[in-house]
Amino acid sequence: MKPLLTEKLLLYKVRVKKDPEAFAKLYDFYVAPIYRFVYLKLSNKEDAEDITSEVFIKTWNYLIKEEKEIGSLRKLLYTIARNKIIDVYRERATKMECPLDNVQHELYTDDFKKTIELNEEKNQLITVIKKMKHEYQEVIHLKYIEGLSATEIAAILDKNYTNVRVIIHRATKKLKELSNLT
Amino acid sequence: MSKKFADNLKQMRASKISGINPDSTWVARNRALLLSQISEPAKTAQNEPATEKSMFIENLSKAMQIFVSKKVLRFARASLTMFLAISVTVGGWTATVSAANSSLPGEALYNVKMASEGTELLVNKMLGTEEDKVTTILKHASNRVDEFQRSKSSEQANMAIQSLKKKIESTGESLEKAGQKSPEEAMAIAKVIEEKTEIILTSLATNKTEINETSTNVDTANRLVESHDALKAEVVIAENLIQATSIKAVEVLIQNVEQQKIGEEVITKEDVKQTIARKLDQLVSGMSKLDVEIGVVSSSTIQFDIASSTISTVLDTAVKENKTTEVSTSTTQVVTEAKTGTETVADAKAKVEVATQKVDEASKKAEVAVTEVGALIGQNNLSAALEKVKELGGVKQEATAIVLEATNAVSNAIDVQQKENVVIVPVQMTTVTTTLSQIISSTTNEILNSVVGNSTSTKTISTPSSTSAVVDKVGSR
């Protein structure tokens, strides 16, 4: 994990000196987690790439223009990513003429499974995760795939620590149930 | 979660398999694109000259936000405030504190004063009794009255009054809580409240501050008038609150004495009777003041009649000497504005009449109440006596509100009329001057024509020089 102090120094350079190189270094660190997060939600490589780019552009603009306090860069990035994903879902729901909740499920096609090239077990796991509600998917992703702590997840999702612990517990339980059924 | 699941999920991140992780070529390409997109705006932003001297402070503030967590900042701020407050109390910064004692709301040292009061209250809460705490709160309430009286602006006065109200409310709450705990504590607090609130009420009523804010800007001046009217209303609310809290305290005293919950060494029945009598006196004297106030307000309405009469006389004279029924545009404007002014004046006069009646009724009720309360006290029926006092308090509150409404209506009418006079006088002067000049000039021409027509010799007839004399005469009315 990138030392927090280095990240804060880079953030300081971006906010105060508007240093693009400092932002590029932050990009290097966060591009993969954000891409994974977006990809698992949208199930489409091109869309994931586009959205990830947009997330970083928007983050840069926010950091240099907004005077508001930035508690955590990670939180900011994930928040912008989540908002962008919701916009995409809305757009697709209109095009597909299906309810918003069904969009993700519809998008998880055989092609998606092939491109992942994971072994059968991992494939099954992803299928199961995508059957869960969004809140559970997010905590499973952030906790087990990204390896974040409950405190960090709470900051990203803007919930309190205890609440997140409860959600993690319920999500994990649900994942086990669904996995046992398949 | 089973280890297998957790491992499988974790491995996805580490996996070099395409799909779930971004393509490295894309990452590099995107990075270059991102840099190209953000570099230009960054250069422009960096080249902008610093327009504020506080750039350093701004950068420092941003750095603090990034490097220090919110919790730590909050804790540091709270610790610093506590440290300052303790230093002020313990460290002996007497010069600062004594300088701060005379500060007013909004001034630099006012926060030091508040911190010092806060510390004093905290110490009393921790080491003293509830009675000590209430005594301290009322002492601070007196400070607010002092600040109100020394205020230099309506904002300062308003802040002082709001703080005073909060202090009084908190003493009321303390009294209620004490009532649920022990009669002795309730009695002690009630005594303190009754004594101190009387002094506060007297101070508030006398030497009410006159805020001398003025402005040449019409909008600002209007806002000042509104804010002064609002301030007057706030003062009345504060007085009512203090009165009500004081009465509540007396109620507690009566309850405990009648139910013999406390001994005569704490307070005697005679003391309570005298307290009730004092409350009644306060109310009656308040009624007299209202009577005087409405009298003054009523007399100020006479000037409306004088002003209106002057205006119509001037206008009449202008029209008469005009010898024309034509009404100029400027005169129409004058008449319209005079009408608006008349409506405002009529409204004010009506309100003054209502207020005068109300005050008369209230005064009569006060006279009756004095007799009844006296009789009830004589019969040792203290609760009933206090009920009568409370009733009279309600009557006085109503009358005060109506008098305040009338006072505001009159001051509004005076403002409107003053504006009107400013408009009317130059307009009518212009009207008179113009039309008289026209008349004189046309009359002179007629005379000249007739003279020239009837005679072969030309004679110069001097134009009457009385135009300005007539104008002066009209204008002086």
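Structure values in brief
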{"quantity": "Count of the range A:29-52 residues which are under 17 Å from residue B:25 (Cα atoms) and of a type in the set (A, V, I, L, M)", "calculated": "5"}
{"quantity": "Filter result for residue A:138 (charged (D, E, K, R), modelled with pLDDT of 90 or more and on the phi < 0 side of the Ramachandran plot)", "calculated": "yes"}
{"quantity": "Residue in the range B:63-83 that is at pLDDT below 80 and either polar (S, T, N, Q) or touching a Ser or Thr at 6+ places or on another chain (Cβ under 7 Å) (or both) present", "calculated": "yes"}
{"quantity": "Hey, residue B:162 over 17 Å from residue B:102 (Cβ atoms) and either at pLDDT below 90 or of a type outside the set (Lys, Arg) (or both) or not", "calculated": "yes"}
{"quantity": "Within the range B:130-189, tally of residues that are outside any helix (DSSP H, G or I) and either in contact (Cβ under 8 Å) with a residue 24 or more places away in the chain or aliphatic (A, V, I, L, M) (or both)", "calculated": "3"}
{"quantity": "Subset of the range A:53-64 (residues that are facing another protein chain (nearest Cβ under 7 Å) and under 18 Å from residue B:32 (Cα atoms))", "calculated": "A:53, A:56, A:57, A:60"}
{"quantity": "Within the range A:21-54, tally of residues that are more than 14 Å from residue A:78 (Cα to Cα) and in contact with a Pro (Cβ under 8 Å, 6 or more places away or on another chain)", "calculated": "1"}
{"quantity": "Candidates A:63, A:40 - the one that is hydrophobic (A, V, I, L, M, F, W, C) and under 25 Å from residue B:57 (Cβ atoms)", "calculated": "A:63"}
{"quantity": "Pair list, Cβ under 6 Å, 6 or more apart: the range B:357-369 residue basic (Lys, Arg), other residue surrounded by 13 or more Cβ atoms within 10 Å (Cβ to Cβ) and in a helix (DSSP H, G or I)", "calculated": "B:358/B:399; B:358/B:402; B:365/B:395"}
{"quantity": "Residues satisfying the stated conditions in the range A:121-147, i.e. away from chain B (no Cβ under 11 Å) and either acidic (Asp, Glu) or in a loop (DSSP other than H, G, I, E, B) (or both)", "calculated": "A:132, A:133, A:135, A:138"}
{"quantity": "Qualifying residue in the range B:106-124 (condition: under 32 Å from the mean Cα position of the chain (by Cα), modelled with pLDDT under 80 and surrounded by 15 or more Cβ atoms within 10 Å (Cβ to Cβ))", "calculated": "no"}
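Yes or no, residue by residue, for (1) in contact with a helix residue (DSSP H, G or I) (Cβ under 6 Å, 6 or more places away or on another chain); (2) more than 9 Å from chain B (Cβ to nearest Cβ); (3) not in a helix (DSSP H, G or I):
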position	(1), (2), (3)
A:24	yes, no, no
A:41	yes, yes, no
A:47	no, yes, no
A:74	no, yes, no
A:83	no, yes, no
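The values are calculated or read from the model by the stated rules, or taken from the named source; none is laboratory data. Small disclaimer: the values here were computed from a predicted structure and weren't measured. In this analysis, Cβ positions are derived from the backbone assuming ideal geometry, glycine residues included, and neighbour counts consider all displayed protein chains.
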